[in-house]
Every structure is written in C-alpha cells, then in structure tokens.
1. Condition test on C:Gly30, is it within 14 Å of C:Leu76 (Cα to Cα) and either in contact with a helix residue (DSSP H, G or I) (Cβ under 6 Å, 6 or more places away or on another chain) or of a type outside the set (Val, Ile, Thr) (or both)?
2. Working only within region A:1-16, note down all residues that are in contact (Cβ under 8 Å) with a residue 60 or more places away in the chain, part of a helix (DSSP H, G or I) and open to solvent by 30 Å² or more (accessible area, probe 1.4 Å).
3. Going through region B:31-48 one residue at a time, which ones are of a type in the set (Gly, Ala, Ser), over 19 Å from B:Asn11 (Cα atoms) and either surrounded by fewer than 17 Cβ atoms within 10 Å (Cβ to Cβ) or in contact with a Gly (Cβ under 6 Å, 6 or more places away or on another chain) (or both)?
4. For region C:246-269, name all the residues that are modelled with pLDDT of 95 or more and either within 14 Å of chain D (Cβ to nearest Cβ) or out of contact with any Lys or Arg (no Cβ under 6 Å at 6 or more places or on another chain) (or both).
5. What number goes with the only condition from (1) more than 14 Å from every other protein chain (Cβ to nearest Cβ); (2) surrounded by 21 or more Cβ atoms within 10 Å (Cβ to Cβ); (3) not polar (S, T, N, Q) that B:Pro90 does not pass?
6. Would you call A:Thr227 out of contact with any helix residue (DSSP H, G or I) (no Cβ under 9 Å at 6 or more places or on another chain), at pLDDT 95 or above and polar (S, T, N, Q)?
7. Among the numbered criteria (1) in contact with a Pro (Cβ under 7 Å, 6 or more places away or on another chain); (2) at pLDDT below 95, which single criterion is violated by D:His36?
8. Name the residue, out of A:Thr144, A:Thr164, A:Thr154, that is within 10 Å of chain B (Cβ to nearest Cβ) and either within 20 Å of A:Ile237 (Cα to Cα) or surrounded by fewer than 21 Cβ atoms within 10 Å (Cβ to Cβ) (or both).
Number of protein chains: 4
Amino acid sequence: MSHVLFTAFSNRPDAVELAHELSGQLSDRGVQSSLHLLESPSEPSISAETLVVSLGGDGTFLKAASLAHRAGAYVLPVNLGRMGFLLTVPREEVVGDIERATANPTVIERIALDVRIGSSTTTHFALNEVVVERAHSGRMVRVTSFVDDVEYLTYSADGVMVATPTGSTGYNFSAGGPVVDSSLPVLLLTPIAPHFTIDRTIVVSDEKVVRLTAKDKEAAVVADGQTIGVLAPGDSIEVRRAVAPVKVVANRSFDLSYRLREGLQEGHA
Amino acid sequence: MSHVLFTAFSNRPDAVELAHELSGQLSDRGVQSSLHLLESPSEPSISAETLVVSLGGDGTFLKAASLAHRAGAYVLPVNLGRMGFLLTVPREEVVGDIERATANPTVIERIALDVRIGSSTTTHFALNEVVVERAHSGRMVRVTSFVDDVEYLTYSADGVMVATPTGSTGYNFSAGGPVVDSSLPVLLLTPIAPHFTIDRTIVVSDEKVVRLTAKDKEAAVVADGQTIGVLAPGDSIEVRRAVAPVKVVANRSFDLSYRLREGLQEGHA
Amino acid sequence: MSHVLFTAFSNRPDAVELAHELSGQLSDRGVQSSLHLLESPSEPSISAETLVVSLGGDGTFLKAASLAHRAGAYVLPVNLGRMGFLLTVPREEVVGDIERATANPTVIERIALDVRIGSSTTTHFALNEVVVERAHSGRMVRVTSFVDDVEYLTYSADGVMVATPTGSTGYNFSAGGPVVDSSLPVLLLTPIAPHFTIDRTIVVSDEKVVRLTAKDKEAAVVADGQTIGVLAPGDSIEVRRAVAPVKVVANRSFDLSYRLREGLQEGHA
Amino acid sequence: MSHVLFTAFSNRPDAVELAHELSGQLSDRGVQSSLHLLESPSEPSISAETLVVSLGGDGTFLKAASLAHRAGAYVLPVNLGRMGFLLTVPREEVVGDIERATANPTVIERIALDVRIGSSTTTHFALNEVVVERAHSGRMVRVTSFVDDVEYLTYSADGVMVATPTGSTGYNFSAGGPVVDSSLPVLLLTPIAPHFTIDRTIVVSDEKVVRLTAKDKEAAVVADGQTIGVLAPGDSIEVRRAVAPVKVVANRSFDLSYRLREGLQEGHA
C-alpha cells in the first residue's frame, strides 16, 4: 500500500499525538502518511491503495471504516478506547502492525449496511446498525417491519434496529439481542424497549431487504450512532447488505469468546 | 365536591367534544364544570374540592394527575385511548361515574415521585417514572445509582429510571422490569438497554431516596414523558416518594390480572 | 413415491382414526399406505421412496422427521395440535396434500443435529435442539461451551442447548433466544435460566462443532424432548450439523411472520 | 443462648472438621455445642434457646434455616461456599461471631413461605422459593396462577415459582426476576422459560395467597431445591407468608449493593 491515513477525533489529544509520533516513525521507514481529523467537513483523499488507520475507540473505528469502505480501502483499527470492545491493539506494537498491514495484510471481510431513507436515491453506510427511533424524549414510536415486502411485526418501542453481526455486540446486545459470529451472512432485527410485543431478535439472511416504517409519529434514523435523517409518519427506510464488505486488517486474531469474557469483566468494573 | 374540571389535549377533538357534552349534562344536574386544555400555559383554578377528570389516554391522565396532586384534589380517569393500559371507562357511563365521584367516591391512593434536579430547591412530580437518559441520539449515558447514599451499580445505557408501582406496566415494563401491584410501598430502579451490566430491576422500599448521577456526559431528565431538565456531567437527581399520594377515583375495580391479559391481546393486534 | 407411512401416537385417537380414513381414500386412488404407532419399539419399514406423514402436534412431527431422516425419505407434517406452532394443515385438505406430495412435492431442507455423547461412536438425531440439563430437580448444572475446540463461556444454569433454526421458535424461544429464519446455516447456543452469567444466545456457523461439558455434576442429555443419555461430571457432548438435511414437504408456504403473529395470539389465549 | 447446634453436610469434610474445632473452642469458653449432619433422618434437639450455625454454602443455610424456623431459634450463617452469594464470614472470625451471637445478637427477620400441597393439611417451609415444575425432562408444564383467588396468567413453561425477597437473588434471578431488598413485604411470581407468554415477574403483597395449578400434566413441587411433592393434573399448591419470620443473626452488615457487584465479578470468573 502506498499511503497511510490516520484518522482520529481532535478531542482525543492522545490519539492526535500518537498519529504524529507514528507518522515520524513511518517516514523513517519510507512510508508516507497523513492525519485526517474526523470532525473536519473536508473529505480526505483516499484510494483503494490507502491504509486507513483508526486511532481511538469504537466511534472512531466506525467513522474510519465508513471512509475506507467508500474508497475500497483497508481499515486497521488501533483501539485506544477504555471499552475497546470491538478490537484491541497494544500501543507499542502499532508501528509493527501498520508495517505488516501495508506489506502483507490479513483481511477480514465484514458485511455492512446500505440504508435508503424514504424515496431518496442516496444511501447511507452503517457497519454496526441502523435504528429508527423516537424523535422526541418520552414518547414511543410505532414501527412496522417488513422482510422482502412481507409484513412482520409492529412494535411500540423506543426504536427498532437492523444490526450486522459486527454490531451484534454493540447496541443490539444492550437491547437484548444475540451475539453473532461476525462472519455469518445474516441481519438482525431487534426492537429497543418494546411495549407488550414480542421482544426477541429476528435473524434473517443478509440477502433480504428489511424495511422499517414509522407509523404515526416522526422518527429519527440513526446509523452507527449518527443521526442521518428523519422519517415523517408513514415514511420508511430500506436496509440491505452493502454490495462491498468492509475490509478490516486483522494482524491479530479476533476471538469472539475472548472478547465476550473480557467484556463481561470490564462491563462491571 | 363543588366543581368538576375536565382536562384534555386540544389535538383530541373527541375529548374536547365529550367535555362540552358532559358539561351540559352536569349543568342540568346542578354541577358546575369547566374545561382546561393541557397545552395551555395558564394554571387552572383547582382546590381540594375539585374533581379533576382526565379525558384521553395515558398521557392525559398523567398530566391531570399532576394538576390534581398539586391541589390535593381527586382525579377521575376517563380513558379514550387506544391502548388504555392504565384504566378504561366506557363512554356512555361517564356521566354516572362523575356523579358518583362527586358524591361518594371510592379512592385509591397511589404513590408518586418527588424529583429534585441538581441542587435546585424546586421539585418535580411524576406518577409513572422519572428517567435519566442520553441527551443525544446514538450515545449511551453512564449513570451511577445510589440508594440512601449507598452506591449501587453503574450503568452504560440509553437511560436509567425510577418507577412507581403505577408506572410498572409502562416504560418500566418495556425496559424489562416487573409488574408490581400498585398498592405496594416500593420503588423500581430499572435500566434501559444497559450494555454488559446487570439488567435486572432492583426493587427498594419507597422510604429510600434514590440518587442517579450522570457520569461523563450530559443527560436529559424526563418525568412521565416530559423533559424537565438536563444534567451536566457529574450532576444528579434525587428521587423520593412524594409526601402526599395521588388520589385516584376508582368507581370500577382495577384488576391487575385483567389488565395484564388485555394488554397482551391488544399489544399484539 | 411408492408408499405412504402414517405416524401417530396411539394416545391420540383422532390421529389414528384419521390415518385409517386417509388410508382408505388413498387405497381408492391406488396408493398403498400403512400406519406406524410411535410408541412401538419396532422399526417401521421406510425407504427413500416412502412419504412419511406426521399426524399430530410438534412432538409427533419431531419423531416422524427422525424416522424419515434416517431413511432419506420426505416427511409431510399434518398438524392436529392445539399449538401447532411448527406447521398447520386444515384436516379436509390432507388427502390432496398427500397426493401432491407423492406426485410433485415442494421440499424444504432443514438442517438437523448430529449428537455424540461422550466417547460413544453412535450418534443421535435432533431437529429442534439438544440440551445438557440438570439431572435432578433443584440444582443447577455447570456447563462449559466450546466452539471448534475454542472455549467459550461457562454457565451455571438449568441447562444449555444447541438449537437449529427450525428449533428457534421452540425451547430456544422460551429460554430467551432469537427467532431465526429456518433456511439459515447457523447453530444457536442458548443457556436456560443461567445464574449471573451472560444470558444471550450465541449464533455460530453450522459448520462449527459445539461441545458442551458437564463440569462438576451429572447432567441429562435431552434431544427434541427425549432423554438420550446422561453425562458424568467431566463428560461432554459434541454437536454438529447432520450430513443430510431433513426434507420437509411444504405444499403450503411457511411464513415465519404469519406464524409469529399467530403464536403471539394463541400463546396468550 | 444456652446451646449451639452446628449443621453441616457430611460430604463437606472441611465443614465437619471446622465444627469439631469450633466445638472445642466453645467448650473452653463454657459454651455447649453439638453437630447435626443434615443428611441424617433424625431430628436434632432444638429449642428457641438454640443458636443454629450453618457451616457450608447456600444449600446448608437453607436447611439450617428451616430447622431453626421450626423451633423459633436463631440461625447464624457461616459461609464456606465458593459462591457464597447469600452471606460471607471469614473462617478465623467465626468463634467471635458465635460468641457475639449467643450474647447480644443483631437479628434480621426474613419472610419465609408456607406451602400447602393439594388438600394436604401439612405445610412445607421455604426461605428462597417454591417451584411448580415439569416432572419430566423435555416437556413443558402448563400452570395457572391465582392471587387471592383471582386468576392471573397461565404459563406454558419449565416451571413457575413463588420467591421471597431473600430468594430474589437466587433462582428467581436466573429466571429473569428482579432483585428485591430483603426487608420488603412482597412475594415474587416468576415463570421459568415460559413459551410465548408474558415473562415478567409479578410482584404482590406478602399478605396475598398465591395458588399455582398444574393444568394438564403432572408437575413436581420443589422448595429451596428439594422436591417436596408431586401434583396430579388439576392439583394446586397454595403459598403464603409463614406466620413467623426466619431470624438470621447478622453480626456483619448485609449490603445488597456490595453483594450484587461481588456476584457479578464472581459469576463471570
């Protein structure tokens, strides 16, 4: 790979500092790099030959993955987060990881979501989940779910999400959903705090299209924690697997079982 | 009782119309009445001798109960709601109910909550629940709970609520909490979509004071579905049983078992 | 198909009677049939050319499916059950269904489980789920789970199951597991009433081998509701997808969404 | 108190040995003591003046509490268990605890259950919970619940329990029930792995009588982990608060919040 793009949030001085430090080290080895601050409205220059490196926690990784996905680039997560549920890399080993990632990367493909709001022709990206949720505090939304145009259930709830296997240990988990091996070709339909309705996740093939319709109240659409739109009553989102997967560099093994046990310990600290 | 005060939301024309109709019928029988629209910023005139009649669904009842509570008045729920989980009264029997309520009411006392935000000296009322929840979409709050100053658990969640027995079949239920007989002297501490933490309701005596502290992010405070304040990181709310109960007129029996079975049927329609 | 084998439990006189009636009708049309009572210790004669017809509820179907699977035969479910969650066929349309099934069947393939107990070389069949559960009332078992020899979680629980997508709406659902489209290539690892441990289902590929080890107490092994063995402390079962699927004749569409909504209604009747 | 009765299971040699050691130490201080092995069919001699000391884990304590309750005696838990969820006492401080308990005990009263099976006139004791559960592996029971003769819900489930606040962190917790402060005057009605029914605990006053009826299948009745009877289809148990509470000596504070956090850590070790 010809170029390394570090990504970080500027309110994480440790991440920004690390980027500069790594940049110097890479320069010594003849690798060009630059830093993109994720709050910036400008688009960084990325090609399929760029290695996008996420310096931060889960939120940073989700943004970096989105940038990489758009360009067909690889993304390497460097977890500096407290929770670090998604992935963890010790700080001192980061340069070595980046070098390996530019030379001979092991890549794991993760399915991502393609979200279309209403009749819009543009689509949005999500790696973890997309949620249709109440637009205002203190009121439930009513959301009807459809799978390939077949009506499923109607929920009165705080929200309803479609999650990927990657997102299964995130918001889906909080809402009571199952943990899903990240290589599986499935989508998860999980309600959040549903009232007097079936509260189980429904697992369907990632070849299905899931539609969520806001029945009688305005609803917000939130992808990977970012509000991406608003639904008027009667409006829908359509969610399908993105054509291309997210290509995550995995120099280290991702052991679901390890992460589960760790998560349990940290979750209660 | 000397006076009947109807309460309704003006976006429920059926409720407003019913108020006028009932007002005429009561006038014929020598009972004075007036209508207070709940969106109005003005304070209605209520004394302990007023019978407050709620015409609408659960939201209307919660507002009417708050008004009645402040004045020590009785509140009679007339449910026009679709869900009608709290209570149901057939339309044609309403005048009879009101007459009985002014003459010889059967009153059920329900505990309510007294909520103090930060170091403020004013308190807020809630009949169902008060929630400390994320102020912004897509991010969890971290909330630490204390019971009589003893630290309990810290949750990463969409929110954490303190609910009354009356509220146990409301948002508490959606969040996975138990159903509690409304006469019991208890408070319910229930997290909403907590991440990797104990997710069970903790039931404590209604003589305890529950404190909820927003750890590291801004949080909203929502009482009975209305935002009543915002917590800066580190700020707390204190929740205790209100000194006086809410006095609900119950001409009809409130059968928890019946309502549970009904709720199940309707919830899935 | 050359031959129809009706299967029923003799304590269901309606099923036995229906078998005789249908047998007469088929005979008139030149189709040979016989009846196998499922309590019988004898093995019925089945070949890949037999159409096995299950007359009864879910328990009957699970037994019939097991017989059919062994011979590579098709199984047609005729639901006479009250719950009828798995599948429903109106009584008067049964002969027509059988004729179509022998002529030009639509077949749905469902994955089944192959269960090996301890070091035994024989394997057991399960279509819904296999459970390692407490052998005695009133005591939890401790069960450690492994996926392809990687240790996952250890549960103190009433039991731990491996379920198929077909079984997802059965015991797995009762235990809090997700609903899974029956065509998906996955296995579900779901604990039953676990104590202070992660209680979520873990979804893995059906190409994985799941091992469940009873730690310190005797445990029973139950496949599709039948006890098939006992584990001494330290013993394990190994569960994998059976090489051949179960071939279910589906003259009617199986609409998961319909069955969910129906199940909700009936479940609360 | 005039006499100390140690109780232990003989398959816990450490407990038996400790009893002998403590007995010697107490004898030196002029306190008489004896050891009752809990497997023994003989009844130990206990009066209201006996201090019953439980040496073991939760199972030992439940048995010792039952013996003490019958005689109106105090029970002192000495936890030697791994989990030790109920209570913990460091080994070297046990003699001091016993001395204080005979001189000037701090006593906590815990409600217990009085269970009547069918039309029997004898009643059974339970401190944690009583369960009506499936008598045979692999089949659900159908259980209808009544509170003070009012019909509540009917469950198809592995079982249905009535738990005390003391038992709320035991089997009730595993089954998804809430954690209840042990001083509260309530009973918990909690289903175990219910199928397509409301799965929430129902909390009622401890002045209510709860009846559980086995509908169409035989069911086992299990109190604090011991099978105490069998219900024929149509038979019921009646559960009410025992007239006298269990009197637990608490030299140490019982901090629910501490125990919750500890339990979480240990539960996942």
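1. Values: within 14 Å of C:Leu76 (Cα to Cα): no; either in contact with a helix residue (DSSP H, G or I) (Cβ under 6 Å, 6 or more places away or on another chain) or of a type outside the set (Val, Ile, Thr) (or both): yes.
Answer is no for this residue.
2. A:Asp14
3. B:Ser45, B:Ser47, B:Ala48 - these are the residues of region B:31-48 that are of a type in the set (Gly, Ala, Ser), over 19 Å from B:Asn11 (Cα atoms) and either surrounded by fewer than 17 Cβ atoms within 10 Å (Cβ to Cβ) or in contact with a Gly (Cβ under 6 Å, 6 or more places away or on another chain) (or both).
4. Our first condition is that a residue be modelled with pLDDT of 95 or more; within region C:246-269, this holds for C:246-247.
Listed by number, the list holds a single entry, C:Lys247.
5. With (1) more than 14 Å from every other protein chain (Cβ to nearest Cβ); (2) surrounded by 21 or more Cβ atoms within 10 Å (Cβ to Cβ); (3) not polar (S, T, N, Q) applied to B:Pro90, the lone miss is (2).
6. Judged against the criteria, A:Thr227 is a match.
7. (2)
8. From the options A:Thr144, A:Thr164, A:Thr154, the qualifying one is A:Thr154.
The values are calculated or read from the model by the stated rules, or taken from the named source; none is laboratory data. The model shown is predicted, which means the values in this text are computed figures rather than measured ones. Note: ideal-geometry Cβ built from the backbone for every residue, glycine included; neighbour counts use all protein chains shown. For the accessible areas, the whole protein counts, side chains as well, though only heavy atoms, and no ligand, DNA or RNA atoms are used. Shrake-Rupley method; radii C 1.70, N 1.55, O 1.52, S 1.80 Å.
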